[in-house]
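S.K.: One structure, as C-alpha cells, below. Some questions next.
The values are calculated or read from the model by the stated rules, or taken from the named source; none is laboratory data. It should be emphasised that the depicted structure is a prediction, and the values quoted were computed from it without experimental measurement. Here the Cβ positions follow ideal geometry from the backbone for every residue, glycine too, while neighbour counts run over all protein chains shown.
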Amino acid sequence: MNIQTNQPASRLTAAETALVDAFAAQIGELPGNGAVTGTRDRLLDDLKKAGLPTRRIESWHYTDLKNLLRAVPDRVAGAAIDPVAALVKGATVLSILQGQADATSSINGVTISAFRDQLTDGSAMAGLTALDKDDAIGRLNGSFVRDGLVLAIAAGAEIDAPIELQALHGEGQIHTRFPVSFGAGSKATIIERHQSAADGAALVSSISDITLEDGAEITWIILQQQGAADTHLAQIRAKLGTDAKLRLYVVNAGGKLVRQELRIEVQGEGAELTLRGVNLLGGDTHTDVTLVLGHNVPHTNSTETFRNVVFDKASGVFQGMIRVAPDAQKTDAKMACNTLLMSDDGDFSVKPELEIFADDVICGHGATVADIDRNHLFYMMARGVPENKARGLLVNAFVAEIVEELEDEALVEPLEEIISVWLDKHA
Amino acid sequence: MPAVQETIDQVRGIDIDQYKYGFETIIEVDKAPKGLSEDIIRFISAKKQEPEWMLEWRLDAYKRWLTMVEPTWARVEYPKIDFNDLYYYAAPKNVTGPVSLDEVDPELLRTYEKLGIPLREQEILAGVQTSKVAVDAVFDSVSVVTTFKKELQKAGVIFMSISEAIREHPELIKQYLGSVVPTTDNYYATLNAAVFTDGSFVFVPKGVRCPMELSTYFRINEKNTGQFERTLIIAEEGAYVSYLEGCTAPQRDENQLHAAVVELVALDDAEIKYSTVQNWYPGDKEGKGGIYNFVTKRGDCRGHRSKISWTQVETGSAITWKYPSCILRGDESQGEFYSIAVSNGHQQIDSGTKMIHLGKNTSSRIISKGISAGVSQNTYRGQVSVNRRAENARNFTNCDSLLIGDKCGAHTVPYIEVKNASAQIEHEATTSKISDDQKFYAMQRGIPEEEAIALIVNGFVKDVIQQLPMEFAVEAQKLIGISLEGSVG
C-alpha cells in the first residue's frame, strides 16, 4: 500500500562520482595489506550505496553534505610545504605535510610511528571501521587514509612540553589519522592543528582516535584554521578509562565547509570530561560541530560549553547529544551552547539532545542565540567607549572567556591572539 | 531517585490494568466495512450528506496518502499498522436528531456518568452558577448532543460538529479547512483529511468574547475503530475563545489508531486558548493494547497581535505522537505551549511543539514537564525557528524531565534555528530525579514519603497546571495521580 516513491535508484552527485573515481584511481597505491584493502573496498562501497548524507539523516539534519559538497579536488602529491612555528613556545612539533607524516622525532616516554606503517602491516584494522550506518566521515577517511601519526604515551609518563601535531596542506585531497593512546596515569598536552598553507581548495578528512587509560590526565587542543575554500571533515573519537580526565578544547576559525564530530565515550567510573569550544564563523562558511557523548558507567562527570560568533553569511550548527546509559547512575552532565548572531545574513541552528536511561542523574543543557546585550553595550558607551570598539570588546570577551579556562598562560595567550586577529578581520 | 525501596517495589507493582476508565458500552453501532478504499470514503461522505466538493477534497487527500510513507523519525516503536484492518466509520445507531438529553440512549449517558463528564447542565452548574461548559460530545464518530447552542447563537458564536458545519457553513469551511494543516502536510494528517468522520467547528465572529468555555469529550468505544476527528476553530478580529478537550477511552486488547487534526486560526487581536487532557487507555502492564495517538495540531496566528496558547496534560495512550504548533505570522503575535506528559508502564510519548516565528516582534514560550516511570520512554521534541525577516523574535523554552525508577527513559530533542540577528532565544532543559533534599525537607516535617513525593511532583508540574481552566485543573491533577499511582502515592 505504501508505495515508496521517494527512493529511486540512487544517482550519484558530481562529488560522489569524483570520490568513487578517485578511489578507483588510487586503490593501487593506497598503503595497506590485504585485510586493509578489503576494508577500504567495503567502506567505499557503503559510501557509494548510502551516498553522502542528506538532511533526511537525523545526525546530518543541518548539514546536507550531498548538497553542500559540490566538488572534490584531485589529489595533489608531493606539494612542497614548510612547517610553521609551533603555536606554543617550547612545544615539540610533529608535522604532517600534505598528508605525509614525519615520524622521525623522538620524545621521552612517547612512541612515535607513522600510520602508513600500521596500514601496511594491518595493525590499523581495528580503527578502520565506521562508527554507525550514518558515519560518512568514518567511511570516507577509512577508504582513503594514507598516513598520520601514531603516538603511544607510556604509563606514568608526564610529558611537560606540549606536543603539536601540525597538519599543513595546500590544495588537493588529504586524509589523515591520529591514533593516540595515553597510558595509565600519564599526563600530557596535545595540540592538534589543521591549517591551510596555500590557496586552492582542499578536501581534508581527519580522524583522531584517542584512548585514555585509567587515571590519565590529558589536555587536547584542536585548532582548525583551514582556508576559505577548504572542506574539513573531522572526527575525534575518545574513550575515557577509570578516573581519566580529558580537557578537550576546540577552536574553529576557518574552512568553507566544516563538519567536526566529537564522539566521546566515558567508560570508566570517576572519569571526567571538560569540553570547551569556540566557533568563529565568518564569510560564507558552513560549520557544524556535532557532539555525541556517552556516559556509560556510574559516577562520571562532564561539562560542555560552546561559544559561537556568527558574522557575514556564515551558517553555524551545533548538535550536542548526551546519552546516559541504563545503570550509569550519578552521572552529572551539563552542556551550554551560546551564540552571538551578528549578522542578519547569517544563521545558527542548535540541537542539544538528552537521551537518558538512568534515573539518579543530573543532566541539563542550555542554549541561547542572541545579539550583544544592549545593557552591556550601553554600560561601555556611557563610559566613552565608541560603539564599534565596545562591540569588539564584548565579542572578544564572550569567546576569550572559554580559552582562559585553560589557565596555563602559555596556551591561553596564543589562542587569544588568534581570536583577536580573527575578530579584527571579520568584525 | 534512589527511590526508596518501597517506591520502586510499588512502581513495579503498579497494575495499570486497573485503568479506571476501562469499560465498554454495549450499544448497537452502524458501521462501514473494514478497510480503506475510495468506496469507503464515498460511503463516509454520503453518510455525512456532504457536498460534492468535500468528497473531492477527501479523495484528493486519499490519492496523495497512497503515495506517502509512514514517518519513522519519532522515538516510538510499534508493530506495523494494517490500515486495511480498521473500521473507518462507526456511528451510534440512534443518532437521528435527539433534541434533548432525554432522548439520548441511557446506556450512553451512563457511560459519560462513569467518566464523570458533566453532560447535564444541572450537574455542570451544581454550585458553579457562573461557569457554564458547553459540551459537544463525540461518541465514537458522531456528535450526539450539543448543549448551550442557543446562548452561543445569541453571541454569534457558531459551535457545531464539523459535519453540520460542512452542510450549513460551506463558505467558512471552504475558506479555512486545510488552510493551517494542508491535506499534504504529513502521513497521518493526510489520512485524516481522507477519512475524518467528525469533530468540532467553532467560529467566533469579530469582537466577540465567547461567553463560555467550550469543551468536547472524545471517547473511542467501538472495537477496532480508528477515530479521525477534525477540529477547526476560527477567531475573527478581536475575538476570544477557550476550548477544552478531554479524552478517555475504555480498555482494549487490540491497539486502536487515533489520528486527529486540529486547526486554529486567529486573526488580528484574536486569542485562542486550547486545552487538552488526554487519558486514553495506555495498554496493560505487559504493554499490550492501548491507543496509538498520532495527532497533528497547529495554530496559525494569522493576524497582528493574535495569540494562541496550547496547554496539554498527556497521561494516556500507548503511543503519543503529537506536536501542537504555532505559526507566528502576524506582527507581535504570541504563541504558548504548556505541557505535562506523564508516561508509565510501557507507554511511549514523543511530543513537543513548534514555534515558527515569521512576523516582527513575535514571542513564544514553551514550558514542558515530562515525568517518566515504569519502563516508559518520554521524549520532548520541539522546534523554534526564526525566519530571516522575523525581527525581534523572542523565545523562552524550559523542558524539565523527572525520572521515577531506573528502567524508564527521558529524552530531550530541541531544534533551534535562528536566521535573524535581533532574535533572542533561550532554551534550557534539565533531567533529574526527585531530589533527596526536597524529600527530606518534607518528611522531616512529618509528611509521609509517598505524600512528600506527590507534593514534589505537584510542584514540578505547577507551572502548567496553572494554565489550565479551573474545570480541567482539578481533573488533570487527579489524572496525574492515577497515572503515577503507586510510584508517587
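S.K.: Would a scan of the range B:432-442 turn up a residue that is within 25 Å of A:Lys334 (Cβ to Cβ) and facing chain A (nearest Cβ under 8 Å)?
M.R.: yes
S.K.: What do you reckon, is A:Thr339 within 11 Å of another protein chain (Cβ to nearest Cβ) and assigned to a strand (DSSP E or B)?
M.R.: yes
S.K.: Please state which one of B:Ala390, B:Ala410 is in a strand (DSSP E or B), among the aliphatic types (A, V, I, L, M) and within 12 Å of chain A (Cβ to nearest Cβ).
M.R.: B:Ala410
S.K.: Looking at A:Leu273, A:Leu280 in this structure, which one is surrounded by 22 or more Cβ atoms within 10 Å (Cβ to Cβ), in the same structural domain as A:Leu68 (by TED's automatic domain parsing), in contact (Cβ under 8 Å) with a residue 40 or more places away in the chain and of a type outside the set (D, E, K, R)?
M.R.: A:Leu280
S.K.: Here's a check for you: in the range B:33-85, which residue that is part of a helix (DSSP H, G or I), aromatic (Phe, Trp, Tyr) and away from chain A (no Cβ under 14 Å) is nearest to B:Ser351 (Cα to Cα)?
M.R.: B:Trp57
S.K.: For the range A:95-108, how many residues are more than 29 Å from A:Thr17 (Cα to Cα) and assigned to a loop (DSSP other than H, G, I, E, B)?
M.R.: Residues that pass the stated criteria total 6.
S.K.: Among what's in the range A:342-376 and is within 7 Å of chain B (Cβ to nearest Cβ) and among the β-branched types (Val, Ile, Thr), pick the residue that is farthest from B:Asn378 (Cα to Cα).
M.R.: Across the range A:342-376, the extreme among qualifying residues is A:Val369.
S.K.: Within the set of pairs 6 or more residues apart or between chains, which connect a residue that is closer than 18 Å to A:Lys425 by Cβ inside the range A:296-315 to a residue that is hydroxyl-bearing (Ser, Thr, Tyr) and modelled with pLDDT under 95 with Cβ atoms less than 6 Å apart?
M.R.: A:Phe311/A:Ser343; A:Asp312/A:Ser343
S.K.: Right, next: Buried (at least 18 other Cβ atoms within 10 Å of the Cβ), of a type in the set (A, V, I, L, M), assigned to a helix (DSSP H, G or I) and more than 10 Å from chain B (Cβ to nearest Cβ): does that describe A:Val399?
M.R.: Criteria met by A:Val399.
S.K.: Across the range A:109-164, what is the total count of residues that are assigned to a helix (DSSP H, G or I) and either buried (at least 22 other Cβ atoms within 10 Å of the Cβ) or among the charged types (D, E, K, R) (or both)?
M.R.: Within the range A:109-164, residues that are assigned to a helix (DSSP H, G or I) and either buried (at least 22 other Cβ atoms within 10 Å of the Cβ) or among the charged types (D, E, K, R) (or both) number 15.
S.K.: May I ask you to list the residues in the range A:221-234 that are in a strand (DSSP E or B) and surrounded by fewer than 23 Cβ atoms within 10 Å (Cβ to Cβ)?
M.R.: A:Ile222, A:Leu223, A:Gln225, listed by residue number.
S.K.: For the structure I just gave you, tell me whether B:Glu449 is farther than 30 Å from B:Asp284 by Cβ, surrounded by fewer than 19 Cβ atoms within 10 Å (Cβ to Cβ), more than 7 Å from chain A (Cβ to nearest Cβ) and touching a Ser or Thr at 6+ places or on another chain (Cβ under 8 Å).
M.R.: Here the answer is no, as B:Glu449 does not meet what is asked.
S.K.: Still on this structure: Of the residues in the range A:225-280, how many are in contact with a His (Cβ under 6 Å, 6 or more places away or on another chain) and at negative phi?
M.R.: 5
S.K.: Could you check the range A:329-365 and list, in sequence order, the residues that are surrounded by fewer than 24 Cβ atoms within 10 Å (Cβ to Cβ), within 17 Å of A:Val297 (Cα to Cα) and over 21 Å from the mean Cα position of the chain (by Cα)?
M.R.: Of everything in the range A:329-365, those that are surrounded by fewer than 24 Cβ atoms within 10 Å (Cβ to Cβ), within 17 Å of A:Val297 (Cα to Cα) and over 21 Å from the mean Cα position of the chain (by Cα) turn out to be A:Gln329, A:Lys330, A:Asp332, A:Glu355, A:Phe357, A:Asp360, A:Ile362.
S.K.: Next question. Name the residues in the range A:158-206 that are among the polar types (S, T, N, Q), more than 18 Å from A:Ala234 (Cβ to Cβ) and touching a Gly at 6+ places or on another chain (Cβ under 9 Å), would you?
M.R.: A:Ser186
S.K.: Let me ask something else about it. So, in the range B:333-375, of the ones that are of a type in the set (Val, Ile, Thr) and in a loop (DSSP other than H, G, I, E, B), which residue ends up surrounded by the fewest Cβ atoms within 10 Å (Cβ to Cβ)?
M.R.: B:Val375
S.K.: Being surrounded by fewer than 21 Cβ atoms within 10 Å (Cβ to Cβ) and of a type outside the set (Ser, Thr, Tyr) is the filter here, so list the residues in the range A:92-108 that pass it.
M.R.: If the condition is that a residue be surrounded by fewer than 21 Cβ atoms within 10 Å (Cβ to Cβ) and of a type outside the set (Ser, Thr, Tyr), then A:Val93, A:Leu97, A:Gln100, A:Asp102, A:Ala103, A:Ile107, A:Asn108 are the ones that fit.
S.K.: Next up: When you look at B:Ser309, is it assigned to a strand (DSSP E or B), of a type in the set (Gly, Ala, Ser) and surrounded by fewer than 24 Cβ atoms within 10 Å (Cβ to Cβ), yes or no?
M.R.: yes
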